[in-house]
Amino acid sequence: MHGQPGAGNLRERDRTLPGDPGVFFFITADMAMFAVFFLLFMVGQFQDPEGYRASRAALDPVLGLTNTLILVFSGWWMVRAVEAGREGDWRHARTRVLAAMLFGSAFALTKGYEYYAKVSAGVTLTSSEFFGYYFAFTGIHFLHFVLGIGVLAVTVGKLAKPEGAKTLVWLESAAAYWHMVDLLWMVLFPMLYLAGGTA
Amino acid sequence: MSGRFGSTATLLALAALSVGSFLLVETEAASLVVGLAAVAIALVKASLILNRFMHLEWRHRPFAPLLLAWLGIVGVILGGGLCALPWKAPTHIPVAVNDRTLPFEIIK
Amino acid sequence: MENPYKYVRICAWGGPILLIVTIIFWGILGRNIPPYSAGLSAAEFKAQFAPVADQIRVGMTVTIACSVLYFVWGLAITKVMEKVERHNNVLSTLQLWGAGFTTLIFVIPCGIWLTATFRADTLEPGTLQILFDLGWMIFDLAYSLTTLQMVALGVCFLSDRRQVPLFPAWVSWFSIWVGVMFVIEALNPFFKTGPFSRSGTVNYWLEFSIFFLFMAIISVYLFKAIDRLVREEAP
């Protein structure tokens, strides 16, 4: 099934990209937005290093690390789902996307617990500039995560009735989006939790 | 392209790098070097995800060059932002020479 | 001779015209580039707002009258979307309603800001400020009505089965992306200063830039699509 250029309504020149070019456009635009967020944070940190360090000390990097490992592990299931899809092995592709969803969902638990712990300790997005950014950035990232879980759920549905190259492009695109959620966290984690020091 | 071992090796590398940067920050006193190391590790992880997980290669224009540029820009933003911060001198560096206290900011 | 696109092109002009009106009358005359910061005290706000109230009144009076053009523009988009839809007209209908509701998101806040200018010299500073805040809360926080339009539009044109789709895929994805990005406006009520406040880098400069860019880009491809449909369906 795989590697058939021009199958269905696919445009041939796009086949080399691992996914739909429109999805990659979306990913690029989204990542550009996050680059602006990183800049805002670093400028704020430059203006008030001690304030940021004091706030950072209240974060639990173990939770941040846990979420990093969860997303990486979930992303790996997605890679293996794409590998199966490229072989035309839709059954394995489907179970692996399900695994990616299942393990990825743990991110929501950890993040939910982290938000709960912060809010019940009286730390909210108006507590300090640092926490304003922390809640805003991780919140927007979480929204991307929730959208991603939705996309994976649709992907599971599509893999139950595969339509060849069309389904492969969908699978690859969903995977690319899911990896972006992963990738953005790879930068958010050190920026918020690790680098810059604590006080 | 990367087979099953390729993606599994990538997973292990990503996990090891994540734990590594966490341990580095937890065990070392906060310093610019540690901060920059954490950022560098993050960029390596991000490029592994782009190349080994998303299977993006240079020939995938314009997205591969754009996302590579994104990595560079983010590296400059985070690295530059950390360099601009005031850092306390690590304890093993002499803090006073000839009774004059050195300005910690320039030690980095 | 029958012309199925009679009036459609005229309707499509509603978008570009409203965009220009918004920049001049809402933005420049209405003193909304950028808006007064939510971080100002009531007294500071009144001291800045009251002396230019007449100018803002003119700006809002024109903007409120032209707001309907957003709905008119939305109808032109829907007419093109109907040519792509295969199963039913759900997406084009959602897009039209989204555009129609977005019209109200111009009308209602502009009416509230207009009210603030009406007795700006005699109103208490706190009252004046709360009217201004109220306008902005509705203007920014009702983003989901516009997100509805943007996502429906994007999803519809992505399902176009033509060899060369009426709207390029990146335009559809851009539309969806702007719609998703609008969710950041939800942070508005939590910040009086900083990038996520109503006059901040992200929630004002970035969000309004991509919204205006959305109107401009969609308008350009809307005209192209109408031209193409007219050519294709010519007898």
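Within the straight-line cut-off of under 27 Å between alpha carbons, the lysines reachable from A:K118 are C:K192, sequence neighbours fewer than 8 places apart in one chain being disregarded.
In this structure, the amide hydrogen of A:D20, modeled 1.01 Å from its nitrogen in the peptide plane, lies closer than 5 angstrom to those of A:S173, counting only residues at least 5 positions away or on a different chain. Ordering C:Q48, C:M181, C:A12 by Cα displacement along the dipole of chain C toward the positive end leaves C:A12 in first place; charges were set at the Cβ atoms of Lys, Arg (+1) and Asp, Glu (-1).
Shown for the stretch B:43-77: residues covered by the partner protein chains by 40 Å² or more of accessible area relative to the chain by itself (probe radius 1.4 Å), namely B:K45, B:I49, B:F53, B:M54, B:H55, B:H60, B:F63, B:L67, B:W70, B:I77.
Leaving ligands and nucleic acids out of the surface, order C:K192, C:K46, C:K83 by accessible area at 1.4 Å, largest first.
Result, largest first: C:K192, C:K83, C:K46.
What is the calculated FRET efficiency for A:A153 to C:R119, with r their C-beta to C-beta distance and R₀ = 35 Å, to the nearest 0.05? Plugging the Cβ-Cβ distance into 1/(1 + (r/R0)^6) gives 0.05.
On the beta carbon distance between A:A121 and C:I17, with R0 = 35 Å, the FRET formula returns roughly 0.10. Taking other residues whose beta carbon is less than 13 angstrom from the beta carbon of C:S37, and scoring Lys, Arg as +1 and Asp, Glu as -1, yields +1.
By the gyration tensor of its Cα atoms, with a ≥ b ≥ c the square roots of the eigenvalues, what is the shape of the protein assembly as shown: rounded for a/c under 1.5, prolate for a/b over b/c, or oblate? Mind dumping the intermediate values first?
Details: a/c = 2.30, a/b = 1.10, b/c = 2.09.
Because a/c hits 1.5 or more and a/b fails to exceed b/c, the protein assembly as shown counts as oblate.
Note on the stretch A:19-194: the alpha carbon radius of gyration divided by the globular reference 2.2 N^0.38 Å gives 1.13.
Per-residue SASA remark: C:W97, around 150 Å² accessible (1.4 Å probe; ligands, DNA and RNA not included). What are the aspartates and glutamates whose alpha-carbon lies under 17 Å from the alpha-carbon of C:K46, with same-chain residues fewer than 8 places away excluded? Straight-distance partners of C:K46: C:D54, C:D121, C:E124, C:D133. 3J(HN,Hα) along the stretch C:221-230, derived from phi through the Karplus expression 6.51 cos²θ - 1.76 cosθ + 1.60 where θ = phi - 60°, amounts to 6, 5, 4, 4, 5, 5, 4, 5, 5, 4 Hz, with x in place of Gly and Pro. Chain A and chain B together bury an accessible surface of about 3900 square angstrom, both sides counted, with a 1.4 Å probe and no ligands or nucleic acids included.
What separates the Cα centres of the stretch C:176-233 and the stretch A:109-164 is a distance of 23 Å. Derived value for the stretch C:23-93: Kirkwood hydrodynamic radius 15.0 Å. Basis is the mean of 1/r over every pair of different alpha-carbon atoms.
Interface burial in the stretch A:110-146, defined as at least 50 Å² less accessible area with all protein chains than with the chain alone at a 1.4 Å probe, covers A:L125. Largest GNM mean-square fluctuation among A:G122, A:G75, A:G44, using chain A with Cα springs under 10 Å: A:G122. Heavy atoms of the protein chains alone define the surface here; on that basis chain A has 36 Å² accessible area per residue at 1.4 Å probe size.
Taking a straight line from the alpha carbon of A:K161, these lysines sit under 30 Å away, with near neighbours fewer than eight places off in the same chain left out: C:K83.
The values are calculated or read from the model by the stated rules, or taken from the named source; none is laboratory data. Predicted model, so just to flag it, every value in this text is computed and none were measured. Don't worry about glycine lacking a Cβ; one is built from the backbone with ideal geometry, like all the others, and counts go over all protein chains shown. Side chains are part of the model used for accessible areas, which takes the heavy atoms of the whole protein and leaves out ligands, DNA and RNA. Shrake-Rupley method; radii C 1.70, N 1.55, O 1.52, S 1.80 Å.
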